[in-house]
Amino acid sequence: MNGINAAIDMTQQRRARWFDARMVDLVAAWQRDRDWWAVLADSANLDGAVLALEPGASVDTQIRPPVDTSKPATTNSELRR
């Protein structure tokens, strides 16, 4: 098995262990949405399609320095990185 059905089956097998149960339900609801899967299959335009789904008025594509995980965050701005 491969493709859409395999992806759906995999998320259901890992439901509530690897993936949030609500997310798995959402993914399962997409199973018959041919337009959604066609967008994902169009690899030439996939990045733009995914970025267009980003919530908010603009897409944040800023490259940030890596977070130093050796010490806890002390400000809200450090938590958002």
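The values are calculated or read from the model by the stated rules, or taken from the named source; none is laboratory data. Computed from a predicted model, the values in this text were never measured in an experiment. Note that each Cβ is placed from the backbone with ideal geometry, even for glycine, and that neighbours are counted across all protein chains shown.
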message: Looking at segment 28-42, I want the residues that are aromatic (F, W, Y) and have a partner that is surrounded by 11 or more Cβ atoms within 10 Å (Cβ to Cβ) and in a helix (DSSP H, G or I) with Cβ atoms under 9 Å, at least 6 apart or on another chain. Which pairs are those?
response: W30/I4; W30/I8; W30/W36; W30/W37; W37/I4
message: When you scan segment 58-78, do you find a residue that is surrounded by 10 or more Cβ atoms within 10 Å (Cβ to Cβ), within 17 Å of the chain's Cα centre (by Cα), of a type outside the set (D, E, K, R) and modelled with pLDDT of 80 or more, even just one?
response: no
query: Pick from segment 42-57 the residues that are surrounded by 11 or more Cβ atoms within 10 Å (Cβ to Cβ) and within 23 Å of N5 (Cβ to Cβ): which of them is modelled with the lowest pLDDT?
result: V50
